[in-house]
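Working notes for the structure below.
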Amino acid sequence: EILPSEWLPIQSVSPERHIQSLWAGYGSVSSVSIRTASNETVSLILKRVTPPSDGVGISHERKVKSYCAEAYFYQHLASQLSPSNCVVPHSYSTQRKDGGFLFCMSDL
C-alpha cells in the first residue's frame, strides 16, 4: 500500500510538476497534489531514480549505492527520528523497480 487508506478513494490528482533532474541524468524529482476522500489536499514528492542500463564504473556504482542507502534510510531509520530534533519527509513508499527506485514522500 502506497498511500494511507483514509485518503482513498482519491478524488483528483494534479498534473505532475517537474522540480529538478538528478545528477548525471539518473532520474528526476517532481511533485503532485492529491485531493483525498475527505477533500484534504496533500502535496507529495516523487523521486524517480533511473540509472542507465549500461552504467559502468566506480562513479555509477557510487551513485547506485547512495540510492540504496537512501532507500534503507527511509524504510528503516527515518521513522525512528524525533520530529522535534530532525525533520524528515514521511515516506509513503520506497520501491526498487527495474534497476532503479521510486520514492513517494511528504512535501516538507
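The values are calculated or read from the model by the stated rules, or taken from the named source; none is laboratory data. Since we're looking at a predicted model, the values are computed, not measured. For the accessible areas, the whole protein counts, side chains as well, though only heavy atoms, and no ligand, DNA or RNA atoms are used. Shrake-Rupley method; radii C 1.70, N 1.55, O 1.52, S 1.80 Å.
When the accessible area of the chain is computed with all protein chains present and a 1.4 Å probe, what percentage of it is carbon and sulfur?
Values: 3710 of 7020 Å².
Here it works out to 53 percent.
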Worksheet item: If the convex hull of the alpha-carbon atoms of the chain is projected onto planes in all directions, what is the mean projected area in square nanometres?
Response: 7.9
Practice prompt. Report the full-extension gain for the segment T41 to S14: residue separation times 0.36 nm, less the Cα-Cα distance, to one decimal in nm.
Written response: 8.7 nm
Response to the item:
Result for the stretch 59-108: accessible area per residue, probe 1.4 angstrom, in square angstrom, of 66
Fill in: Inter-centroid distance (Cα atoms) of the stretch 52-108 relative to the stretch 18-39, Å
14
Worksheet item: Can you tell which of V13, V64, V49 shows the greatest fluctuation in a Gaussian network model of the chain with Cα springs below 10 Å?
Response: V13
Worksheet, complete the sentence: CD proxy, 222 nm, the chain: helix-only mean residue ellipticity via -39,500 (n - 2.57) per DSSP H run with n ≥ 4, per residue, nearest 500, stands at -4500 deg cm²/dmol
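Rounded, prolate or oblate, given the Cα gyration tensor of the stretch 39-86, with a/c below 1.5 counting as rounded?
Oblate shape, in that a/c is at least 1.5 and b/c is the bigger or equal ratio.
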Worksheet entry | With all protein chains modelled, accessible area of T36 [1.4 Å, Å²] | 0
Worksheet, complete the sentence: Scoring the chain by relative contact order with C-alpha pairs under 8 Å, at least six apart, yields a percentage of 25
Worksheet item: So how tilted is helix 58-72 from the main axis of the chain? Cα-based, degrees 0 to 90, rounded to 10.
Response: 30
